[in-house]
Each structure stands twice: as structure tokens, then as C-alpha cells.
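Notes follow the structure.
The values are calculated or read from the model by the stated rules, or taken from the named source; none is laboratory data. In this text the structure is predicted, and so the values were computed from the model without any measurement. Please note: Cβ atoms are built from the backbone with ideal geometry, for glycine as well, and neighbour counts cover all protein chains shown. The area values use the complete protein model at the heavy-atom level, side chains included, leaving out ligands, DNA and RNA. Shrake-Rupley method; radii C 1.70, N 1.55, O 1.52, S 1.80 Å.
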Amino acid sequence: MPAGLVLYTAATPNGHKVSVFLEELKAAYGLQYDVERIDISKNTQKEPWFIKLNPNGRIPVLVDRNRNNFPVFESAAILLYLQHHYDKENKFAFDKDSDPDNWSEMIQWIFFAHGGVGPMQGQANHFNKYAPEDIPYGKKRYTEETKRLYGVLEIRLQDRDYLAGPGRGVYSLADLNVIPWIRFHKIAAIESLDEWPRLKAWVERSVARPGFQAGINVP
């Protein structure tokens, strides 16, 4: 019998955001989902059937069979959707009514990553590894901006273990929304995370979680 959720994805940072969270939900609640691997090298995500799910023609896309085949695109939006509907005990987030400040902090860091780290490191990855010609300005601009954003995270983690939550913070969507990008730092010509020791420890701590390990092996 098909699972209630189906994830259309590929082995990219944005794809891993969602597969990691789905694996965390599986471990916490027993949530089951199906996976359809999208071959982005063949532009499968540009085919008409996929464009009906996401007009932007990008992975990942989640289809919720439990809710009349409702489609959700944009990785951060998928995380928030899954949390709203399937994390009923708020194990990976905060109640926006009873804990509005921590919920807001989580959202702020999600938006920071979605508007900053992802786009900037994505460009750094492109110019350093995939561009058909060598463009030193593009390499320098986006790699340096990625480093600056890592520095912002380092500041936040100065006396914290995680980005959001009380005290030293708790593991939440704020963390798993950005760490899948940082894992690919070498593609952005950032050979080591040693320059940001707190960030490095945070990444290692989070990636060691069984759910995270399972999620980065999907698809």
C-alpha cells in the first residue's frame, strides 16, 4: 500500500533538507513516506507532469496523499508544512501560540538560510564546480559571501548548541534547514570549517543524529 506522503527529490542540499526531516519524523512518530527520485541531469523536473506539481520546475516537491494529493514545493515551505501537520508534539519546532518568541526565532533563522546561505552557496557551488567557463569574480564574490554567512552562524552559536530555542537551544527546523547546505562546503571552495569552530561542532553534532544520517542517504 502506498504511503500517505510521496517525496519527489534528488541528492541535493534542498532535497536533503526534506528527507532528513521525514526521517526524523519517521523515528519520532513512525511516519512513512514514499520516494520518487528525480534525475535532474535529464531535466525530469522540467517535464509537464512535474510542472503541474511545481511551476518553478525544481526539486523537492512533496505530495500529501492524506490530504487530497496536496502538493507543496520550496524546501522550507515543505518543512513548515510537515511540521504543522505531522509533528503534533512539536518535537522539532515551537508552538507559535504558547511559545511565540522561540517560534519567531526559528522562523527568522529559516528565512536567513533560505534567503542567504542557500542562494549564495548555490552560486558559489556553481561558479567553483559547474560553470562552463572560469569566472574568478563569480567564484570570489559568492565564496566570500558564503563565508560571511557562516560567520553570522558562528556568532549565533557563540553560547548555544542550536540556532533556536531556550537556553542553549534545541534541535529544530532552524538547524536542519541549513546544515544540508553547509555539508557541501567543499564544493564552494571552502575546504575546512575550522575557521568557524562552533559552527563546525554544531554541524557534526546534528549530522551524527540517526535521522540525519538516514535522510542524507535519500534518494
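Observations on the structure shown:
- Hits in region 1-43 (condition: among the hydroxyl-bearing types (Ser, Thr, Tyr) and either open to solvent by 70 Å² or more (accessible area, probe 1.4 Å) or in contact with a strand residue (DSSP E or B) (Cβ under 9 Å, 6 or more places away or on another chain) (or both)): Tyr8, Thr9, Ser19, Tyr29, Tyr33, Ser41
- Whichever residue in region 79-106 is farther than 23 Å from Leu7 by Cβ and in contact (Cβ under 8 Å) with a residue 12 or more places away in the chain and, among such residues, is most open to solvent (accessible area, probe 1.4 Å): Glu105
- Inclusion of Asn56 among residues that are at pLDDT 95 or above, open to solvent by 60 Å² or more (accessible area, probe 1.4 Å) and not basic (Lys, Arg) is warranted.
- Residues that are within 13 Å of the chain's Cα centre (by Cα) and among the hydroxyl-bearing types (Ser, Thr, Tyr) were ranked within region 1-32; the one that is nearest to Ser172 (Cα to Cα) is Ser19.
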